[in-house]
Amino acid sequence: MLHKYLHSWDVISTDLRMRNQRKIYRNDLEQLEALNQEYCWSLDLDRIVSKDYDALVLTNFNQVIEWVNGGFERMTGYSAEESVGRRPGFLQGPKTSELAKGRLRTGIHEERDAYATLINYRKCGNPYKCKISILPLKNAALHTTHFLAIEKEVT
């Protein structure tokens, strides 16, 4: 009988996690939509929120962070206040692959999508492996104004 209740708890727990994740995604979508309106990007928001991610990082054209979602703080330990105005490289450290960083830099320089898996470091100093997709955000004139990093911690 106890097994039945434990199984039910697993189902309820999974459902609650999924509901919470949908709420977080909805909040991220609302914030991205407001930024989309402000900057007039030709942005497919559904493409972004359909991805499985932990953190979103918006940088300007010069790669200075302008916005992070709540998942960024949960993943890295750094608050938005500590992160905005800095470059994402502040998360990197001795185990961060130069090759992976180069792939991301090339994509940014060429203003195209870029992907890499690399090791970043939390505020407490612990390393974590992160899969990053960087998307250039273009305005109506097709000029890149920002980049959006979609990040997922991997094990």
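Selection of first residues in segment 81-94 that are more than 16 Å from residue 61 (Cβ to Cβ) and of second residues that are in a loop (DSSP other than H, G, I, E, B) and of a type in the set (Lys, Arg), restricted to Cβ pairs under 8 Å at least 6 apart or on distinct chains, gives the following pairs, ordered by first then second residue: 82/123. If you go through segment 101-110 and keep only what is more than 17 Å from residue 60 (Cβ to Cβ) and either part of a strand (DSSP E or B) or touching a residue at least 12 places away in the same chain (Cβ under 8 Å) (or both), you end up with 101, 103.
Give the residue that is modelled with the lowest pLDDT, with candidates limited to residues of segment 128-155 that are exposed (fewer than 14 other Cβ atoms within 10 Å of the Cβ) and out of contact with any Ser or Thr (no Cβ under 7 Å at 6 or more places or on another chain).
155
Residue count for segment 94-118 satisfying the condition of being over 15 Å from residue 149 (Cβ atoms), in contact with a strand residue (DSSP E or B) (Cβ under 7 Å, 6 or more places away or on another chain) and of a type outside the set (S, T, N, Q): 1. Selection of segment 91-110 for residues being loosely packed, with under 15 Cβ neighbours inside 10 Å and either among the hydrophobic types (A, V, I, L, M, F, W, C) or in contact with a Pro (Cβ under 8 Å, 6 or more places away or on another chain) (or both) yields 93, 95, 99. Among residues of segment 43-74 being surrounded by 14 or more Cβ atoms within 10 Å (Cβ to Cβ) and among the small types (Gly, Ala, Ser), the one that is farthest from residue 134 (Cα to Cα) is 70. Of the set (1) of a type in the set (S, T, N, Q); (2) surrounded by fewer than 16 Cβ atoms within 10 Å (Cβ to Cβ); (3) modelled with pLDDT of 95 or more, all apply to residue 21 but (3). Among residues of segment 111-136 that are of a type in the set (S, T, N, Q), those with a beta-carbon under 8 Å from a residue that is outside any strand (DSSP E or B) and surrounded by 19 or more Cβ atoms within 10 Å (Cβ to Cβ) at least six positions away or on a different chain give the pairs 120/76; 120/91.
Against the definition (touching a Phe, Trp or Tyr at 6+ places or on another chain (Cβ under 8 Å) and under 23 Å from residue 34 (Cα atoms)), how does residue 148 come out, yes or no? Even if it seems obvious, please write down each step before you answer.
Numbers: touching a Phe, Trp or Tyr at 6+ places or on another chain (Cβ under 8 Å): no; under 23 Å from residue 34 (Cα atoms): yes.
So residue 148 does not fit the description; no.
The values are calculated or read from the model by the stated rules, or taken from the named source; none is laboratory data. Predicted model, so just to flag it, every value in this text is computed and none were measured. Neighbour counts are summed over all protein chains in view; Cβ atoms, including those assigned to glycine, are modelled from backbone coordinates with ideal geometry.
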